[in-house]
Structures are given as structure tokens and as C-alpha cells.
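Taking it in order: structure first as C-alpha cells, then the write-up.
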Amino acid sequence: MKPDLPKQGAPSGLSRRGFLTLCAGAGAGAAMPWRSFRAASRELKVPAHSWSRGEVIPSTCNMCVNRCGIQCHVVDGVLEKIDGDSRNPKTAGGTCAKGQAGIMALYDPDRITHPLIRVGNRGEGKWRRASWEEAFEYTADHIDKIIEKHGPEGLLFSSCTDLTEVFFIKFGKYLGTPNFARHATLCLASRNVGYFATMGGVPDADLVNAKYILMFGANRMESFELPHNRDLITGLQNGARLVVVDPRMTVTASKGEWLPIRPRTDMALTLALMHVLIKEDLYDREFVAGVTTGFEELKAHVKQYTPEWAEKETGIPARTIVRMAREMAAAAPAVVVYPGRRSSWYTNDAQFRRTLPMLMALLGAFDTRGASFFNAGKVKPGSFDWELEPVEVPPRFDGFDEEKFPLAHHEDGGYINLRDSILNGTGKYPVKGWMLYKQNTLASVADSAKTMRMMETMDFICAIDIQPSQTAWMADIILPETLYLERLDPLWTPSGTTQYVGIRQPVVKPQGEARTLLEILQGLGAALDKRREFETPFSEVFNFTMEDYVDAQLKKLPVDRATLAKEGLWIPPGQGLELGAYRSGSKQFKTPSGKIEFVSERFRRNGYDPLPVYEPVIEEPGRQRLVTGRYAWFTHASNQNNIWLNALHPENEVWINPDLAKEKKIEDGEYVKVRSPVGEIRIMAYVTPRIRKDTVFITHGFGTNSTGQTTLYGKGGADQVLMQDRADTISNNQALHETFVEIVML
Amino acid sequence: MTHPTSKLRPQRREFLKGLGAASAAVAGATTLPGKALATVSEKKPRYGMLIDTRRCVGCHACSVSCRAENKVPMKKHRSWVESLERGTFPDVTLNFVPRLCNQCSEPPCVAICPEENATYIRDDGIVVIDPETCVGCKRCVRACPYNARFMNPDTGAADKCDFCIDRLTQGMEPACVASCFNKARIFGDLNDPDSAISRMIATNTVSVLHPDEGTKPNVFYIGLDEVDENDIRPPEQYLRITTQRKQNLRR
């Protein structure tokens, strides 16, 4: 007997247009260009969600900086699904949650699809829609005014790493400003300085064949770097031993041995490991004698750093340190001492990073199977001929130069130094205009109140972005850029164990009036050309199309644009690594001595300790050190507003050790106040044994002030509100883990 | 040995017994000898999935890939990931259990359905729902011991994972399998002893979720940490189960 029940469709009374509910809560569902649900065919027994796969267009992802190969299923001009490209040697068909959610970045109801000019106060969120013509005139007017008053050097250009960033930088250079601020000092500047001084570069790692992998904080299972995360998993299944040193148990740490180190004492561990290797005669004598310098000095230097001493500093038992050294020596040379990527941790970071290649060199774990190695890169696209030489520019306004930061990469700028120069009035000349290219400075530089004050000093702020990010929200004009799925980008090759040339190409038409960065700069350049005579007129500099640029890059390669567009990538013959040239001495390291330098000549010359000297940690009793990091489904502070990704993790939490929670009488899931010397946020507590009692963790990108980010607004708290503006003394890389906070019940 | 969760659901167990479905229970068999699975030597495929939790990092590529592929409404999930934290500082373990419909050979959801042809097992072993025939009585949603079914507000019908039949017919792997860049999932024909999945099952210790329910799942796990979101936190032992499926009920 069949029960008398309503027929399908009746219970919810909703239409069969499947997609509408996908954007419920976002408000603008009806504008979504998704196909309506197709009724299931009884005869065919095909499920209701079936959709034709349409055209498959290969391209390159841009939801983070990994640039995975993707295949986009486009039906009637609508992107229905993104799959990984299984032919791609780097990603082998995989994508991550972010890559999958690229669809929602494309069809995000919060996306800016036409130029917006501010009408209310800065940050008030009152905008009016403008035509591109008006937007260019408006921006050119303001830039012109600043040039009139302060010269072109009165403009600051901030950008985030991407394939198109080159155009933005070139635009600033042809305009005549030396003042750039790039992503490096928010990320890996200190690591690069440490590694370049020691061995002339940052090595890649053969994680598949390694027997022992030591990672400091590096979180490859959540902060992806392909193919390293897949290689690491494969390496572990091949029997590698993984040790992760981190005050917080990341997913990466959960796959190996977790050493919950006392924060900021990492160098004590590396020094003690070197101490044991040398004392017990476990180091690689041949390698040390052959390709390193300064061993005797190192030996004398690390004598003081005993495992017993390190135990007191790090909280890691001396016997564990001795065991690690012995295990590493037994596995050598198939050992990877992993360089890590984001090294914006502590004020001594460049010195700490130096100890990693030193440890690696003692183990002889370089330029051989299962170890670190330099990847020369067999294939490289040609370069575009810019024809006109950029104009001569004055020195930077902020003194980020040879004198102040001799080892830093000066063109990249240093955010902490730069902001201080503006706020303290120590700059050599005023900077009054700020051009931003998808840089969310408010959410990514420590102490957002200071960034806010810096913005107040600006006469004009222009943001080129795809969404109303926290920073774009504070701008005077927002110029909407196309998403990676809507444009052709410069070609690129990965710098890793795999070699190919990949293409990023449009798979759908741009949403609304969004334009590519090149088109935006061409329009803006033309408007500027009308206002004044430049030595190198923009109409001449940017007198090319994206296709021209790509064709120039392809000149020396045996593949044309049409083939590349069809295939998505070009794999040169003869993959595989050639190892041993550095070991045998036929290749030299790019250091003053041509060898791996235990005693850094570059550091000595510039007045830094030539051997890493440990400084004891100063703690603040009763308060916790704040650390930050990644979840696998968010990139920096860029896609927390993505509907699909936000659904995975609607708001961030502060991780609190259960013992601390007990003392503070804080329950899991309760909202608490986190207070630092520079700010205060309200945030949910996540009581977990995955963190030390003296440390708390908050991830990035929440607590937005932009009401334009409708999915994200009102959720979680911003770590950058709390963080103090410390920086690594050598590279000016910001030091995000130098702030102590207090957890208070609400 | 019974699974701890079974104690929490006396009603359902009674219910299943009434239907006679529980009589086929593989009592206590948390690990299945792999060869036994491939004994049925038919030409027809029987699809199954093997999830190697050692390779899983809980990145949710599968969760979002599934949503994109199958147009799953927000707050509903065909594919989700549970993350399990156990222990006390510093001896903590963290494990992930990617979840989906288990495509059972003895599916209680099919047994309880009052309609003919609304939900059934296809020849290839995939349990499917015909939303046109489903009357939306929700019995199957309640009967599933894996909470794999939900009511789709768009169709008014029950909904769940179907191994992406649409992709299979076009020679593609299910979306969750294709997107997994750590290659934690293997999909294939359990009837073919030479398939990758059969070989993996034959050479590894595998287990299924809730074997005591007698559902004979066709989704297998390596390294399964067998607790799911229905479990309560055992006293005196720290255990946290997080899943994006319950975000709205969180805390």
C-alpha cells in the first residue's frame, strides 16, 4: 500500500531551477547565468543534475599562485565545471577546493563589473557607477594633479604576484616612479635573503625520494605548492620520515612527527642539530670539504649550542634532538631540510633561514637523489621587447636601498619600512597617490590601524581589483579587472621538477564591463598622454595586444599560439633532472666564494653576524604569542568571500589550548575578545590540543570592513588588526609572529 | 563487537530488523579480506570506491568539486569530509574521513522506499534516485545509516551521491576522484580483479563504515579512523569531529 503523500516538488514548493538556491543569501541569485535544471528522463534513467559537457577549454588556474592546469567545461558561454588537466605534469589532474570554486569567483554576485567612483567618505561604501571613459579621465586627472605637485615619484604602486603584474610595474616605471611595494616582504623575502647569502639560491626538493624530511612551519598539506604536496604524500608512502616543527599542529604535522616548538626558538634547534652532527662526527666530510667554506668557524661557533641548552630554549627534549641528528645522518644524503615559503615570522628570520641550508650542507643533502637541488629550468619563453627604455627615476622615497637594507630586493620595497616612512614623515619626499593592483594591504600587512592612517595621508587611491576587498573599499575609484577565466595572460613555465609552457586564456566572455589589466593601463595611459607630454608616451609603450606579447614569448619555442591554446600546455622533450654538477664542482654557487658559505661573506660585508647568533626569546607572561597561517581552502586574504569556500569555513576562530581555556574559563565555540597592544577583535574560540598553551592561532582574511563583501562581512576577526608592525632586521620582511595577545571573556 | 554509533540509534536498528535487512549484517568485520570482494566473476561492472585516508589532507577539493559538478544546493552535501581530532597535547592525532553515499549492496534506503522505481540499484551497483518518481516522503533520508541522503529543495526529491553517473557515461571519473590531487581516491570496477581498485583492496587492509549495519557498502577505506559525526564525545577523552556539513548547527 502506498502512502498518500504529496508529489515531488510540493514539499518545498520551490521551482526546479536548481541554481537559485546556490546563491540564496547572496541576494543576487537571479542574475546568475547558470543553466536551469533539466528534467530527468525516465527512459534514460539519467539523474536530474545531468548537463551537457559542452566545450572543453584548457587554461591555467589563478585562485592562488600555483597556476595548476585546468580544463573548463563551457556550455553556451557559461562555465559549468572546472576539472584539473590530467596531462599537466605539475598537477596531474588535481585541483583544490579553491580551484573548483573559481566558478563562484567568476559569477560572484559581489564582483565588481563596472568602474566605481566613490561618492561618500572613504570606506563608507557609497559608490556611483561610471563609464570607463569617465573612470580613465577621473584617474588621469588625479594622477596628473599629483605629478604636478610632487612629480611622478609622488605615486606608490602596490601589486600582488601574478603573470600580469609585469604591466603594472612597467606602467609605474614609464610614469617615472621608483616607489613600488610588491608581495615579497609580506611573504618570503627573509627566506630568500638567508638562502641567497648562504648558497646563492633557494633549492627545490626531491620529496618523492627523500628518506627524511624536516619542515619548519611549512604547511604543504594546507598551503599548497604543487607538486610538493603530492610529492610529500608519495614520499611518505615510500617510507620517508617527516618531522614538522611548529607551535601548531597543522595537517602537515599530523602526517608526521609533530614537534610543538616554543615559538621563535627554531634557530636553537637547528644550531643544536648542527652541534650534534659535528660533535658525533656524523656530518658529510667529503661534501663539507668539497663545496663549503667556513666549517672550522662553524664548528667553534656551534660548540656552545648543546642539545641540553636547546631543550631549555625550544621545549624539545635533548634526547629528541640527538635522535633527530642521528636519524638525519643515517638517512643522508636523502634528506630534505625544507626551505619553506612564507617566512614572515620573526625579526631574526633571515638569520634563522640561513641555518637551514647550513644544516643541509652538513648532511651533504644537496644535488643528489632524495635531497635538495637547484632546478636550472630547461625551457623558458622568450621575452617581450619593450623597445623604449624607462625614464630615469629618483631614489625611493622610503630609503629602502643599499644603505638601509643592503641585502634586500630594493625594487620590491618593504611594507613596514614604507608605511613608517609615510607616517613618521621620514620619507625623502611626499607620496600622495596610491595605485593598487589586487593588493589587499589592509588585510595583509600587520597593524591595519596604521595602514588606515597611511591611507588617510593619500590624496588619491585607485584600486584595480575584481572584488570590493577591504582595501579596495577604502579607495577613491575601483577599476574592475577581468578574472583569470576571462583573459589571456603572459606565458609561463613552472620552476620545479616539471617543465612545460602553460597558457592562461579566456574561457568565457568578461562579466559586465570588466577589462584586462593591459586594457585598463592602455586606457589610463591614453588619458594621461592627453594631459602631459611624457618622454615615453604610453600610447607608444603599450602599443601592443596581449596576443602580440604572447607571440613574442613564443618566438624561440617550437610551438605556436593556436596549438598552445588548443592543448593548454606544451611539454618539451626530455624531462627529468640532471644532478651532481654542484657536488662535483663543475657548477659554482652564486655566493662570493662560489661555495656554500657557513660563514657568510655577504653578511659580514654588510655588518650582519656572519654566523647565526641565537638571541634568547623575550616572552610576555600571561599573554600568548599570536601566530597565523593557512587553511587549505583560502588563499591569503583573497577568497574568504567566495560563496562555496565560505560555506566550508564561514568564520575564523582563535585556536586556544585546552589548558589555557580552562584557566580562562573559556568554552569551545564561545566568542571571546582578543586584545593586543594595537587592537582588539571579537572572535570565536576553538579549543584544541593542536596548539601550545603559550600560543594562539588566527587565520587571515576575515573581519572585513567592506560591506560589499556580503558573504564575508560580519564574520570572524582580522589578525592584522592585532599584529604589531615588526619586521625582519635584514630583509624588512614583516614579522607576523611577534605579537603577544590577551584572551578575554566577552 | 558493535560499532559505538549503533548504540546511539536503537530505533533504527529495531526498524531495520523489522525489515529483515539487518540479517545480512557482517557483524564485526571491520576489515574485509580483499579477494573475497572479487569472487563474483561477471562481465558487468560493479562500481566501488576506495579512499586512502593516509593520503587525504582534508582539503575539501572533493566537497567543492561535487557541488560544482552536481549543482548541489547550498547547505546540502553529496560529498563531505569529517575531520577527527583526538588526544591531549602534545599527543594528538588528526584524521580525515571523506564521506559520500556508500552505494550499499543492501541499501536500507531502497528497502524502505514506498514507491516503485523511485530509488533502486542499477546493474553496475550504483544506487540511484529518480526525482520524478520520488514522492519526497523522506523515509530513505532517515533510513540511511550514513546520513548520505538529503532532501533536495530544488526537486523536492531525495538526493545523494551517484558516483557522478553523468561523468561515468562520458568516460570520466567521478568529480571527487578527478579533483583529488593527492590521489587519495580510487574509483573502479570491483568485479574486475585487475582494476586498480581491486588490486589495492587485495593488497591492503581495508574497512567500511558501520559494518554492523549490514548494508554491505561499496565504498572502502584504508586507514579509517572509525568515528563519525553522529558520535558523541566520549567522557574523559578528547575527541572533536568537525564537518562542513554541520556548519549551520556548529556549536
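The values are calculated or read from the model by the stated rules, or taken from the named source; none is laboratory data. Treat the numbers as computed from the prediction; the structure is a model and nothing was measured. Note: ideal-geometry Cβ built from the backbone for every residue, glycine included; neighbour counts use all protein chains shown. All accessible areas refer to the heavy atoms of the entire protein, side chains included, with ligands and DNA or RNA removed. Shrake-Rupley method; radii C 1.70, N 1.55, O 1.52, S 1.80 Å.
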Members of A:K378/A:K555; A:K556/A:K590; A:K170/A:K438; A:K279/A:K595; B:K216/B:K246; A:K509/A:K555 lying beyond 20 Å, as alpha-carbon distances in this model show
A:K556/A:K590; A:K279/A:K595; B:K216/B:K246; A:K509/A:K555
The lysines whose Cα lies under 20 Å from the Cα of A:K665, excluding any fewer than 8 residues away in the same chain, are A:K673, A:K693
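Per residue, what volume in Å³ does the Cα convex hull of the range A:584-639 take up?
Spread over its residues, the Cα hull of the range A:584-639 gives 234 Å³ apiece.
In what order, largest first, do B:C104, B:C113 sit by accessible area if the probe radius is 1.4 Å?
Accessible-area ranking of B:C104, B:C113, largest first: B:C113, B:C104.
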One-quarter of the Cα convex hull surface for the range A:115-267, in nm²?
14.2 nm²
Once both labels are modelled 7 Å past Cα along the beta-carbon direction, what's the A:T707-A:R675 spacing in nm?
2.9 nm
What residues have an amide H closer than 5 Å to that of A:L242, excluding those fewer than 5 places away on the same chain, when H is modeled at 1.01 Å from N in the peptide plane?
A:I213, A:E257
Which of the GluC sites (Glu not before Pro) across the range A:556-626 are loop residues per DSSP, with 13 or fewer other Cβ within 10 Å?
A:E578
By what distance, in whole Å, do the Cα atoms of the range A:624-745 stretch along each of the three principal axes, largest value first?
41, 37, 24
Return the ratio Rg/(2.2 N^0.38 Å) for the protein assembly as shown, where Rg is computed over Cα atoms only.
0.96
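How charged is the neighbourhood of A:P510? Take every other residue with its Cβ under 11 Å from the Cβ of A:P510, and add Lys/Arg as +1 and Asp/Glu as -1.
Values: positive: A:R111, A:R487, A:K509, A:R515; negative: A:E481, A:E486, A:E513, A:E519.
Here the charged neighbours net out to 0.
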Taking a probe of 1.4 Å and leaving out DNA, RNA and ligands, chain A shows per residue an accessible area in Å² of 36 Å²
Pair A:K380, B:A202: separation of 7 Å Cα→Cβ label points (nm):
5.0 nm
Where A meets B: accessible area buried, both sides, 1.4 Å probe, Å²
6100 Å²
Provide, for q = 0.12, 0.15 Å⁻¹, the log10 of I(q)/I(0) from a solvent-free Debye sum over equal Cα point scatterers in the range A:300-410.
-0.72, -0.94
Separation in nanometres of the label points that stand 7 Å from Cα toward Cβ, at A:E615 and A:E547:
5.7 nm
Taking amide H atoms as placed 1.01 Å from N in the peptide plane, list the residues 5 or more away in sequence, or in a different chain, whose amide H sits under 5 Å from that of A:I691.
A:M249
Among the listed pairs B:K160/B:K183; A:K255/B:K183; B:K71/B:K160, those beyond 19 Å (Cα-Cα)
B:K160/B:K183
In percent, what relative contact order does chain A have, based on Cα pairs under 8 Å that are 6 or more apart in sequence?
19 percent
With a 1.4 Å probe and every protein chain left in place, tell me how much accessible area A:D349 has, in Å² to the nearest 10.
0 Å²
Give me the percent of the accessible area of chain A that comes from carbon and sulfur atoms, probe 1.4 Å, all protein chains in place.
49 percent
Stretch A:V75-A:K566 to full length: gain in nm at 0.36 nm per residue minus the Cα-Cα span?
175.1 nm
Please report the net charge: other residues with Cβ closer than 13 Å to the Cβ of A:P307, K and R +1, D and E -1.
+2
